[in-house]
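Structure first, then comments.
The values are calculated or read from the model by the stated rules, or taken from the named source; none is laboratory data. Source: prediction; values computed, not measured. Reconstructed Cβ throughout: ideal geometry from the backbone, glycine too, with neighbour counts over all protein chains shown.
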Amino acid sequence: MRATARQRQTQPLQIVRLSMARRGRLLRRLWHDAPLSSIGALGVIGFLLLALIGPYLTPYNPTANSLSERNQPPSLAHPFGTDNFGRDILSRIIYGGRNIFALTGSATLIAVGLGLVIGLYVGYLGGWLDQIVMRLADALLALPSLLLTLVLLGALGNSRFTVLVAIVILYVPIVTRVVRSVVLDVKTKAYIEAAEIGGESRFHILFREIMPAVLPTLAVEGALRFSYAIFLVASLGFLGLGVARPEPDWGLMVSEARDWYALSPHILFFPSAAIVVLVVCVNLMADGLRRLLEYSEAD
C-alpha cells in the first residue's frame, strides 16, 4: 500500500513532465490544423501587452479635453483620430483596455476559483449538499444576466466593484456545474478508489487527485466566461453603468459616439472594433485550448 500511494502521488508530476515535453509538438499541430486559434491567442496576448505597457507609451492624457482638436480624423498625430471633446481615441482605447482586463480578468478568476472549489466539493460529496447547491445554481441561471446585474447595481451602487460582484455571482453557478460534471465522472475511477482505500484525506483526494483532471476543461470554460464578461462590461458601459465619466471605457465610448458617427464615423468604429476583435480573439483562443485538450488525450 505504501508503494501504491507513493506511485499515485508522483503520477501528476509525470503527467506534467510529459505534457511539457510534448508542448512544442502540440502547438505546431494546432497551428497546422487551426491557425485561427493560434492567431486568436496571439491577439489576446497582444491586447494584454498593450494594456500593460501601452499607457506608458501614449503621448496623450486619455481624459484631457482639447476643443481645438475636436472630431479630428485619423492622422500621424492621432492615429485613431479624436472624439467630440478632442481626446485622443487611441489613448482612450489603450487605457480602456487596461480597465477591461483588470475588471473582467479579476472577476473571471474569482468566479472560476470559487466555482472550482464548490464544484469539487459538491460533485465529490453529493447528497443533500449537492442538491441544495444545484437548485441555487438553477435559480441564478434562470435570471437574465443583464437584469441581475442591473438589480445589483441598483442595490449596491453604481461602481466597478459592484460590476465585479455581479460577474462573480453570474458565473460561479456555471463554472460549478461544469466542474461538478467532470468530478462525477472522475470520482468513479480506480485511482480515486485506491486513494480512498489508502486513507488519503479528502483535501488530498480533491486537490491532488481529482483537480488535475478538471483543470483542462476549466481552462476552456474560463476563457469563454472571460469573453462573455467583456461583452457584459461593455454593455454596462454603453448604458453608463459601472463607469464614471470621463474615465475611458470602450462601451461608454461607443455610447458617446452615437450622436457624432455621421460626422466622424471613426469615433464609433475604433472602440466598437476593439470590443469585437478582443471577444473574437478570446473565443478563438478558447477553441484552441479545446483542441489542445483533444490532442493531448488522443496522443
key: Single unsatisfied condition, GLY86 versus (1) in contact with a Ser or Thr (Cβ under 9 Å, 6 or more places away or on another chain); (2) within 15 Å of ILE167 (Cα to Cα); (3) not β-branched (Val, Ile, Thr)   = (2)
inquiry  = Taking the conditions exactly as written (surrounded by fewer than 22 Cβ atoms within 10 Å (Cβ to Cβ) and either basic (Lys, Arg) or under 16 Å from LEU125 (Cβ atoms) (or both)), does PHE203 satisfy them or not?
reply    = yes
note = Of the candidates LEU143, LEU156, LEU150, LEU120, the one satisfying the condition of being out of contact with any strand residue (DSSP E or B) (no Cβ under 6 Å at 6 or more places or on another chain) and under 29 Å from PRO216 (Cβ atoms) is LEU120
Failed item, numbered, when TYR121 is tested on (1) in contact with a helix residue (DSSP H, G or I) (Cβ under 6 Å, 6 or more places away or on another chain); (2) at pLDDT 90 or above = (1)
ask   = Out of all the residues in region 15-37, is one or more at pLDDT 80 or above, farther than 26 Å from ALA213 by Cα and either among the acidic types (Asp, Glu) or in a helix (DSSP H, G or I) (or both)?
value = yes
query = Hey, among the residues in region 221-261 that are among the aromatic types (Phe, Trp, Tyr) and surrounded by fewer than 22 Cβ atoms within 10 Å (Cβ to Cβ), which one's nearest to ILE275 (Cα to Cα)?
reply = PHE231
key: Of all residues in region 117-132 being under 23 Å from the mean Cα position of the chain (by Cα) and of a type in the set (A, V, I, L, M), the one that is nearest to LEU206 (Cα to Cα)   = LEU120
key: Breaking point among (1) more than 19 Å from GLY54 (Cβ to Cβ); (2) assigned to a helix (DSSP H, G or I), for PHE85   = (2)
ask   = Going by the structure shown, is VAL133 modelled with pLDDT of 90 or more, in contact with a Gly (Cβ under 8 Å, 6 or more places away or on another chain), under 29 Å from VAL214 (Cα atoms) and not acidic (Asp, Glu)?
value = no
request  = Take the residues in region 43-81 that are among the aliphatic types (A, V, I, L, M), without any contact (Cβ under 8 Å) to a residue 60 or more places away in the chain and part of a helix (DSSP H, G or I), then tell me which one is farthest from VAL276 (Cα to Cα).
outcome  = LEU67
key: Residue list for region 178-196, restricted to those being of a type in the set (A, V, I, L, M) and under 10 Å from ALA213 (Cβ atoms)   = VAL182, VAL183, VAL186, ILE192
query = Is region 69-77 home to any residue that is over 21 Å from GLU247 (Cα atoms), modelled with pLDDT of 85 or more and surrounded by 19 or more Cβ atoms within 10 Å (Cβ to Cβ)?
reply = no
task = Specify which of the listed residues (GLY105, GLY54, GLY126) is under 22 Å from LEU218 (Cα atoms), modelled with pLDDT under 90 and not aromatic (Phe, Trp, Tyr).
result = GLY126
key: Residues being closer than 26 Å to GLY154 by Cβ and free of Cβ contacts under 8 Å to residues at least 60 places away in the same chain - total across region 253-284   = 4
note = Scanning region 144-185 residue by residue, those over 30 Å from ILE205 (Cα atoms), of a type in the set (Ser, Thr, Tyr) and in a helix (DSSP H, G or I) turn out to be SER145, THR149, THR162
query = Listed residues ILE100, ILE94, ILE89; which is under 30 Å from MET211 (Cβ atoms) and of a type in the set (A, V, I, L, M)?
reply = ILE100
inquiry  = Tally up the residues in region 115-143 that are surrounded by 12 or more Cβ atoms within 10 Å (Cβ to Cβ) and in a helix (DSSP H, G or I), please.
reply    = 19
